[in-house]
């Protein structure tokens, strides 16, 4: 099963409904408290994660927002065609997805 929420994935694992690949920072407390256990995987393939920024399409980026996006753009990889998922696109039609890092 695939879920799009870290907390939901953690709860499913805690209720013995599967396993999950999650960011280490998201599970520190659960691991420390003994609710979850880290599992090492031998010969695991390199994994990456896309990080995006969202901004209103109808409002120009100015001030700190523009500065943040400029720095992030300089750091990130270029990838054409970044799009919102159909669900988000419908719900937030004024948002623009800006692909920062992959």
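Table for the structure above
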| quantity | calculated |
| --- | --- |
| Listing of helices (runs of 4 or more DSSP H) fully contained in the chain that carry 3 or more residues being modelled with pLDDT of 90 or more and surrounded by 12 or more Cβ atoms within 10 Å (Cβ to Cβ) | 6-14, 24-32 |
| Every pair of residues 6+ apart whose Cβ atoms lie under 7 Å, when the first sits in segment 15-44 and is more than 19 Å from residue 4 (Cα to Cα) while the second is loosely packed, with under 11 Cβ neighbours inside 10 Å | 31/37; 31/38 |
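The values are calculated or read from the model by the stated rules, or taken from the named source; none is laboratory data. Fair warning: this is a prediction, and the values are worked out from it, not measured in the lab. Positions of Cβ are generated from backbone atoms using ideal geometry, with glycine treated the same way; all protein chains shown enter the neighbour counts.
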